[in-house]
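These notes are about the structure you will find just below.
The values are calculated or read from the model by the stated rules, or taken from the named source; none is laboratory data. What you are looking at is a predicted structure, and each value in this text was computed from that prediction instead of being measured. Reconstructed Cβ throughout: ideal geometry from the backbone, glycine too, with neighbour counts over all protein chains shown.
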Amino acid sequence: MIEAACKANKAKEVAYLVSKFGGNTLHLINLTSITPEVAEALAKHKEGESLYLDGLTTIDSGVAEALAKYEGRTLYLDGLTTIDSGVAKALAKYKGSWLSFDRLTSMDVNAVKALVAYKGIFLNLGDLVVADVNVAQALAMYKGGTLNIGSFSSDDYKIAEALATFGGNRMHISIANISYKKEV
C-alpha cells in the first residue's frame with residue numbers, strides 16, 4: 001500500500017495514516033524502500049511498542065535519522081544486510097530499548113564504532129560474522145546489557161579474547177558456526 005502510494009506521490013500521507021494505528025505493534029510487511037519523509041511519518045507511531053520494517057534491505061542516513069526518532073520500545077530493521085557509518089551513527093541515537101538487525105552480515109569497523117554508541121539494552125546483529133579483531137574490539141565497547149551476533153570465524157584467537165571483554169550481562173553467539181585452527 002505504501003509503495004503504491006509512493007508512485008502516486010502520496011506516500012507521506014499514507015505513512016502518516018498508518019502511523020496512527022492504535023495497537024502496540026506496527027509490522028509493515030514487504031515494504032522494501034522508503035524516503036526520509038515516509039520514515040519520519042512512520043516514526044510517529046506513538047502508541048506502539050514495536051515498529052517492524054524488515055522488508056527494507058538498504059537505507060540511507062536520512063531515513064536512519066528519521067527512524068531514530070521512533071519513540072517505541074523496539075525498532076526492527078531485520079532486512080538490512082549491511083549499514084555504513086552514517087546510518088549507524090544516526091540509528092545509534094534511537095532511544096528505545098531494543099534495536100534489531102537480524103540479517104546484518106557485514107559492517108566495517110567505523111560503522112560498528114558508531115553503532116555501539118546506542119544506549120538501549122539489547123543490540124541484535126543476528127547474522128553478523130565477526131572476522132576482524134578490530135570489529136570485535138569495537139563490539140565489546142557496547143554498553144548495553146545484551147549483544148547478539150551471528151558468530152565469529154577466524155584463525156585469530158584474539159577475536160574471541162576481544163569479544164570476551166564485553167561488559168554486558170548477556171552475549172548471544174551461534175557457536176555452531178565458529179571455526180578455529182589451533183596452531184601446532
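General remarks:
- Some residue of segment 82-99 being of a type in the set (Val, Ile, Thr) and closer than 22 Å to SER174 by Cα: yes
- The residues listed here are GLY79, GLY62; of these, the one that is modelled with pLDDT of 90 or more, crowded, with 16+ Cβ neighbours inside 10 Å and in contact with a Lys or Arg (Cβ under 8 Å, 6 or more places away or on another chain) is GLY79.
- Tally, over segment 26-68, of residues that are in a helix (DSSP H, G or I) and either under 21 Å from LEU115 (Cα atoms) or of a type in the set (Val, Ile, Thr) (or both): 11
- Residue count for segment 21-36, restricted to those that are farther than 19 Å from SER100 by Cβ and of a type in the set (A, V, I, L, M, F, W, C): 1.
- Checked against the criterion of being in contact with a Leu (Cβ under 8 Å, 6 or more places away or on another chain) and modelled with pLDDT of 95 or more, the candidates GLY86, GLY96 yield just one match: GLY96.
- Only listed residue being surrounded by fewer than 20 Cβ atoms within 10 Å (Cβ to Cβ), at pLDDT below 80 and within 21 Å of the chain's Cα centre (by Cα), chosen from LYS20, LYS46: LYS46
- Residue list for segment 69-127, restricted to those being among the hydroxyl-bearing types (Ser, Thr, Tyr) and part of a loop (DSSP other than H, G, I, E, B): TYR70, THR81, TYR94, SER97, THR105, TYR118
- When LEU123, LEU128 are checked against the criterion of being at pLDDT below 95, under 19 Å from LEU75 (Cα atoms) and either buried (at least 17 other Cβ atoms within 10 Å of the Cβ) or touching a helix residue (DSSP H, G or I) at 6+ places or on another chain (Cβ under 6 Å) (or both), a single residue qualifies: LEU128.
- Every residue from segment 117-153 that is of a type in the set (A, V, I, L, M) and more than 14 Å from the chain's Cα centre (by Cα): VAL129, VAL130, ALA131, VAL133, VAL135, ALA136, ALA138, ALA140, MET141
- Residue check, GLY150 surrounded by 16 or more Cβ atoms within 10 Å (Cβ to Cβ) and in contact (Cβ under 8 Å) with a residue 40 or more places away in the chain: yes
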